[in-house]
Amino acid sequence: MIGNYEYLVLSAAVRLGNAAYGASVMKEIAEATGSPCSVGALYTTLDRLEDKGLIITSMGDPTPVRGGRPKRLIRVTPKGRREGAVFYQIVMRASNGTLWAT
Amino acid sequence: MGDVKTRPTLLWRTADAVSALLSPAERLAVLGDLAEAHVRDGEALRDVAGLVLRRQLNQACSIAGLCGTFLLALPIGIVLSARAQHWAVGAGVYLWSFLRVGSVEPLARTIWNAGDANAATVAVWVLLNAATLAVWSTGAGWALGAFARRGNWIPVLLFYVTVLLVSMIRNDIGVLPRHPAFAAFGVVATATAVHSALLVIAPALYGLGLGLARRPVSVAARVAFAMAIMLLTYRAVDV
């Protein structure tokens, strides 16, 4: 089973589709969690997900907004989508009937 | 390659410099993400340093990293610095003797039983020792450069730390009288520092540069270097 942070990265990448790369995924995670996402944590998680075959990354073209540097593009594999769905189902089942409000 | 033109702050320049320890492609992607996300300079430095640290620890724990550390960096660092200190004791005491009484012969004949040594033969001995250390250290640095070229810097760092620590901790000059009047003590300590700094660390840095360089070293230079190592090592065995 994937970890919490891996799930955050996977779901952000699925939402972003072709626009998924380092900075955009960091922004998505920061908005979803309300806390900043460090580039170090993101890149090590990307490596782990890639090793597990859940994503594929590739270098994109350089863009002016990035000072002429390329993006590390992220594509979620079918296996990654399945793992994300499994994690989501587990969280939903585990949360069923649980009241968190105090 | 960095973004120092658009963000000419010290922190960003430092982050840019630290990111050089990442692979070239990853470095560009990381700096691009930080620039696009408008991450503050201090946070950028922290993020880049954290990523570099994680990468280095991962590499250090790999088979290649462990081999580089335990089969190359640590043993060679210990041997080189210990040998540098050993020869420094000889060079330092001979130098002290020469400065004190204008001759090295009594010292060579009485204390070290080194035969008919005169200033010229001692000078040749010191120079050959220096050349041996320099060549060995250059070779070690060159080998470490192969690891650094793959982004594996922990063995390189450990090599230099080992050389510095062993040079400071190991103490061959303990065989000498420690009375303050014995001026050779200071001469030997100075010689040890010079040996470690100039004949181990500096050549190893030069060798590291050779190992990091993309341009290949000519076959003739490699053969000459190998011959020098072989001949000087052969001579050093008897020293």
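Structure values in brief
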{"read-out": "Hey, A:Pro78 within 29 Å of B:Asp41 (Cα to Cα), surrounded by fewer than 19 Cβ atoms within 10 Å (Cβ to Cβ) and either modelled with pLDDT of 95 or more or not small (Gly, Ala, Ser) (or both) or not", "value": "no"}
{"read-out": "Among the residues listed as B:Val52, B:Val89, the single one being part of a helix (DSSP H, G or I), more than 16 Å from the chain's Cα centre (by Cα) and within 14 Å of another protein chain (Cβ to nearest Cβ)", "value": "B:Val52"}
{"read-out": "Count of region B:27-42 residues which are surrounded by fewer than 19 Cβ atoms within 10 Å (Cβ to Cβ) and at the interface with another protein chain (Cβ under 8 Å from one of its Cβ atoms)", "value": "0"}
{"read-out": "Subset of region B:98-139 that is of a type in the set (Ser, Thr, Tyr) and at pLDDT below 75 - its residue that is surrounded by the fewest Cβ atoms within 10 Å (Cβ to Cβ)", "value": "B:Thr110"}
{"read-out": "Conditions (1) more than 18 Å from A:Gly3 (Cα to Cα); (2) touching a helix residue (DSSP H, G or I) at 6+ places or on another chain (Cβ under 6 Å); (3) surrounded by 19 or more Cβ atoms within 10 Å (Cβ to Cβ); number of the one not met by A:Lys71", "value": "(2)"}
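The values are calculated or read from the model by the stated rules, or taken from the named source; none is laboratory data. Given the structure is predicted, the values throughout are model-derived calculations rather than measurements. We place every Cβ from the backbone using ideal geometry, glycine too, and count neighbours over all the protein chains shown.
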